Amino acid sequence: MDLAISAIIFYVLAAAALLSAVGVVALRNPVSCALSMALCFGFVAAIFFGMGASFIGIAQIIIYAGAVLVLFLFIIMMLDVKQEEPVSGSHWFCITGVVMAGMLAGIFCTATLRLPGATGGRCPVRVLVENLGEMNLGNKSQTTPPASPASYGGALPALCPEKHGSSDARLLGENLFSHYSITFAVLGFALLAGAVGAVALGRKLHRD
Amino acid sequence: METIWTWCCDVLRNPQWFYLITTAAKLVLVFAVILAFVVLSVWIERRVAGWIQDRPGPNRAGLPLFLLRPFGSKEKQPLSKLLQFFGCPPDGIIARLCRWLRLDREIPTFGLMQPCLDGGKLFLKQEITPKYVRTIYFIMAPMLVLGPPLVAAAVVPFASGVDTHFGHISMCVANLDIGPLWVFAVSGLSVYGLTLAGWSSNSKYPFLGGLRATAQFISYEVAMGLSVIPLLMVYGTLNLQEIVQCQADSGWTLLPLWGEGMSLQRWVLFLPLAISFLMFATCIFAEANRTPFDMAECETDLVGGYHTEYSSMKFASFFMGEYAAMVIGSAMVVTLFLGGWSIGFGVDAWLADCSEWLAVLCQFIMFLIKLLAFIFFFVWVRWTLPRFRWDQVMKLCWLVFIELAVVNIALTAVILYFVH
């Protein structure tokens, strides 16, 4: 079995990410849970880096690890949450949880296994990573015929530090602001509505 | 000898080994420069503070000459012997000048030894970990403060590239295409250190300091990210090396005086870029937790802030982390707005024509000079402005900077639309 170094790195990082994700649920101290989650985000970002999607990886760190999770931590500390109380849950509670988790896992597994090219333990996104550099961005020659579904899969792509281009950020930006611009704007408004709702809830009511 | 040489050449010819070896060399260089600059900026801080407050500052920590005695120097005053050797009269002008410079007692270092001695003192002090702290996080916090700035330095270019006959070397540890984002992301992680230090100390004032630090850090990170967008729009790339190359070819961001920089469109864009510079520099001050924004460690209401309970080397880690953040912040300002390594006025291209290694050397020195100048500016502001109030700091960020940054982005977009 010949494993490329990038494949080894991928598996190590994925295992670490899974372990720290388990830590989020299993650890008792809320602050440890939050830090475990930060670690998990870091490993996921590292996997993105390994696949050449450096922009998504760095966005993961800036937004999730750098801002969202710090706010979590901030609130946990402000409220000074002590040890989590052991849940004296009923059986129904457990059974519902297991069923929900099983369904979610089923969705993910089916979606992953149905991807074209995901046969025989091969990486289904290889074709994306390899074509990232060659896609003619901005030029009108986007009509290159897509690779046939059979050739989508392959071994994990090799790491090539000099080759990872800005095409990642550029590709994402061009897709987001052309194909998906309306979706993007609608999502922005949804977030704005959320923020306004939070302000409305958090506002002190003046009684007089 | 011959075989060793050919073996070295073979190793270097392998692109992977070439990449590894050059990267390791650059890594060591950058790490050494940053640590040296941390010490140097502490010295600059104290000397400039002394100068501004009309007192000498630390100017005396020279190497005393009695240290030479174990090495066989029998003379009590080597200076008089030296003067005799050159035939100078013992009470002439030269001798008096030497005595005024204290050359008869010590080898002068202009106080540069002071930070080293302080470091030694902190290293030798007793380490006290209070009983009531949360130990693991208490130990982890200083590491989380000192680590991120050192990692963030990886993308800052310190010279242009060199073409050797084994391959191209870009003078920047990791020539990532997401340069500024990498710096923001990684240096943003040091907020964990401040928060955890405040919380794990398990006492009132550190906790308040930690909360303040967190709130301030997150707020100013938003403003900082928004404030550089006009610059990225103008240059159209996220690669710091390319941004600096652009500035070398067509004028620094704040000094477009050569190349295409003389054109009208570039000078119209000067207004949003200047606003962007002011905002970015202010945010860097806030991110580095420096006066006038050092709310997290403001002695008058918080004792020492988040590091109140720390002693010895753990305290020194916080201290070094703060100065490392200041050095990296200055490096970012220099890279984005003041031309990075470029010497300017087309000298870079001329030097590169002569010899690429010479050009790289000159650019490296130029970069260090600019860095020192901006660190001086940092210190100057600290000892000139009084500390803000907490609500003023927050208002400045959320009510002024973020709005101004968004307006600035729109302004740049409009100008770029009409210019092109």
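The values are calculated or read from the model by the stated rules, or taken from the named source; none is laboratory data. Values in this document were obtained by computation on a predicted structure and should not be read as measured data. Reconstructed Cβ throughout: ideal geometry from the backbone, glycine too, with neighbour counts over all protein chains shown.
Could you check how many residues of region B:263-300 are closer than 30 Å to B:HIS420 by Cβ, out of contact with any helix residue (DSSP H, G or I) (no Cβ under 7 Å at 6 or more places or on another chain) and assigned to a loop (DSSP other than H, G, I, E, B)?
Looking only at that region, the number is 1.
Name, by its number, the condition in (1) under 14 Å from B:ILE409 (Cβ atoms); (2) among the small types (Gly, Ala, Ser); (3) within 14 Å of chain A (Cβ to nearest Cβ) that does not hold for B:GLY236.
Exception for B:GLY236: condition (1).
A:SER54 is checked against (1) more than 10 Å from chain B (Cβ to nearest Cβ); (2) in contact (Cβ under 8 Å) with a residue 60 or more places away in the chain; (3) not acidic (Asp, Glu) and fails just one. What number does that condition carry?
(1)
Can you confirm whether B:GLY329 is closer than 24 Å to B:ALA223 by Cα, small (Gly, Ala, Ser) and outside any helix (DSSP H, G or I)?
no
Of B:SER160, B:SER187, which residue is on the phi < 0 side of the Ramachandran plot, within 14 Å of chain A (Cβ to nearest Cβ) and small (Gly, Ala, Ser)?
B:SER187
Counting only residues that are more than 10 Å from every other protein chain (Cβ to nearest Cβ) and out of contact with any Lys or Arg (no Cβ under 7 Å at 6 or more places or on another chain), which one in region B:195-208 is surrounded by the fewest Cβ atoms within 10 Å (Cβ to Cβ)?
Residue satisfying both the conditions and the ranking: B:LYS204.
Of the residues that make up region A:123-134, is at least one more than 30 Å from B:TYR306 (Cα to Cα), within 14 Å of another protein chain (Cβ to nearest Cβ) and either at pLDDT below 85 or surrounded by 14 or more Cβ atoms within 10 Å (Cβ to Cβ) (or both)?
For region A:123-134, residues more than 30 Å from B:TYR306 (Cα to Cα), within 14 Å of another protein chain (Cβ to nearest Cβ) and either at pLDDT below 85 or surrounded by 14 or more Cβ atoms within 10 Å (Cβ to Cβ) (or both): present.
Show me the helices (runs of 4 or more DSSP H) found entirely inside region B:85-180 where at least 3 residues are small (Gly, Ala, Ser).
So the answer is B:135-152.
Considering only residues that are in contact (Cβ under 8 Å) with a residue 40 or more places away in the chain and in contact with a Gly (Cβ under 7 Å, 6 or more places away or on another chain), which ones fall in region B:256-270?
If the condition is that a residue be in contact (Cβ under 8 Å) with a residue 40 or more places away in the chain and in contact with a Gly (Cβ under 7 Å, 6 or more places away or on another chain), then B:LEU257, B:TRP258, B:GLY259 are the ones that fit.
Here are some conditions: (1) over 17 Å from the mean Cα position of the chain (by Cα); (2) away from every other protein chain (no Cβ under 12 Å); (3) at pLDDT 85 or above; (4) closer than 16 Å to B:ILE243 by Cα. B:LEU181 meets all but one. Which one does it not meet?
(2)
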